Amino acid sequence: MNQTLETSTRKVILSMLKTQGPLSVQDMAKQLGITEMAVRRHIHSMEKDDLLEAKLVRQAMGRPTNVYTLAPQADELFPKKYSQLTLDLLDELLEDEGQDKIERLFEGRQGKLEARYQSRMQAKSLEERVAELAHIQNENGYMVDWSAQGDDAYIFNEHNCPIAKVANTFQQACQCELALFRNLLDAQVERTECLAKGANKCVYIIRKNK
């Protein structure tokens, strides 16, 4: 079975479980028109990825059988409109409360992120802090790489922005990220390229404080 078909069948199984609820291997094989062995191969793969949960169910006749449901982690694979909801709420807030309220909202978020991550920066050199910040941002989906540029200077690239739709409309998101980096790194940080302004990535130049 080629990779495209493997991926397609996996998606169909996930969709079936999402829309129909618990299903056995036999149920899935019948609907998909493939063998139970093929279904079990997909099931095994998705169990390894923590996408499915199995439950042993007794039947009126015959041996108990496993039925499968989606694990909570699988919910992230289905379309979400979080960014649009966030934009709608921010637009309402802007209309009702004005620009100052938006500024305070993003500054509050920045403060919470600083409090959350500050302990991870303690007792580290600047290079170690840059590495830790990259780890933090990768945990949050920013697809970071970085490199040293001479003594106490670094280039920090973010190839993805999980909040791009929000940042495109509300530049406060980008301003607060820049301030967050400066405070966490205790360093000079300059942004030279920005995804929200049409660049292919966000680029930060980091230098040791003089």
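Which one of the conditions (1) farther than 27 Å from residue 102 by Cβ; (2) under 20 Å from the mean Cα position of the chain (by Cα); (3) loosely packed, with under 15 Cβ neighbours inside 10 Å does residue 146 fail to meet, given that it meets all the rest?
(3)
How about the stretch 69-118: which of its residues are of a type in the set (Ser, Thr, Tyr) and over 22 Å from residue 180 (Cβ atoms)? Outline the logic, then answer.
Here is the first cut: in the stretch 69-118, the ones of a type in the set (Ser, Thr, Tyr) are 69, 82-83, 86, 117.
Across the stretch 69-118, the qualifying residue is only 69.
How many residues does the stretch 31-51 contain that are exposed (fewer than 13 other Cβ atoms within 10 Å of the Cβ) and either touching an Asp or Glu at 6+ places or on another chain (Cβ under 6 Å) or in a helix (DSSP H, G or I) (or both)?
Adding up the residues that qualify gives 3.
Which ranges mark the strands (runs of 3 or more DSSP E) fully within the stretch 54-160 that have 3 or more residues being at pLDDT below 95?
Working: elements: 65-70, 144-148, 153-158.
Those strands (runs of 3 or more DSSP E) span 65-70.
Condition check: within 26 Å of residue 192 (Cβ to Cβ) and either surrounded by 15 or more Cβ atoms within 10 Å (Cβ to Cβ) or not aromatic (Phe, Trp, Tyr) (or both). Does residue 66 satisfy that?
Working: within 26 Å of residue 192 (Cβ to Cβ): no; either surrounded by 15 or more Cβ atoms within 10 Å (Cβ to Cβ) or not aromatic (Phe, Trp, Tyr) (or both): yes.
The answer is no for residue 66.
Do you know which of the residues in the stretch 1-28 that are within 16 Å of residue 54 (Cα to Cα) and either among the charged types (D, E, K, R) or not in a helix (DSSP H, G or I) (or both) is modelled with the lowest pLDDT?
Selected residue: 21.
Just give me the residues in the stretch 161-193 being at pLDDT 95 or above and either among the basic types (Lys, Arg) or touching a strand residue (DSSP E or B) at 6+ places or on another chain (Cβ under 7 Å) (or both), in sequence order.
Within the stretch 161-193, 178, 181, 182, 185, 187, 188, 189, 190, 191, 192, 193 meet the criteria.
Per-residue answers, yes or no, for (1) of a type outside the set (A, V, I, L, M, F, W, C); (2) part of a helix (DSSP H, G or I); (3) in contact with a helix residue (DSSP H, G or I) (Cβ under 6 Å, 6 or more places away or on another chain):
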position	(1), (2), (3)
174	no, yes, yes
180	no, yes, yes
183	yes, yes, yes
189	no, no, yes
203	no, no, no
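With the requirement that a residue be within 17 Å of residue 204 (Cα to Cα) and small (Gly, Ala, Ser), what does the stretch 121-140 give you?
The answer is 131, 134.
The values are calculated or read from the model by the stated rules, or taken from the named source; none is laboratory data. As the structure is a prediction and not an experimental result, all values here were calculated from the model. Cβ coordinates were reconstructed from backbone atoms using ideal geometry, including for glycine residues, and neighbour counts include every protein chain displayed.
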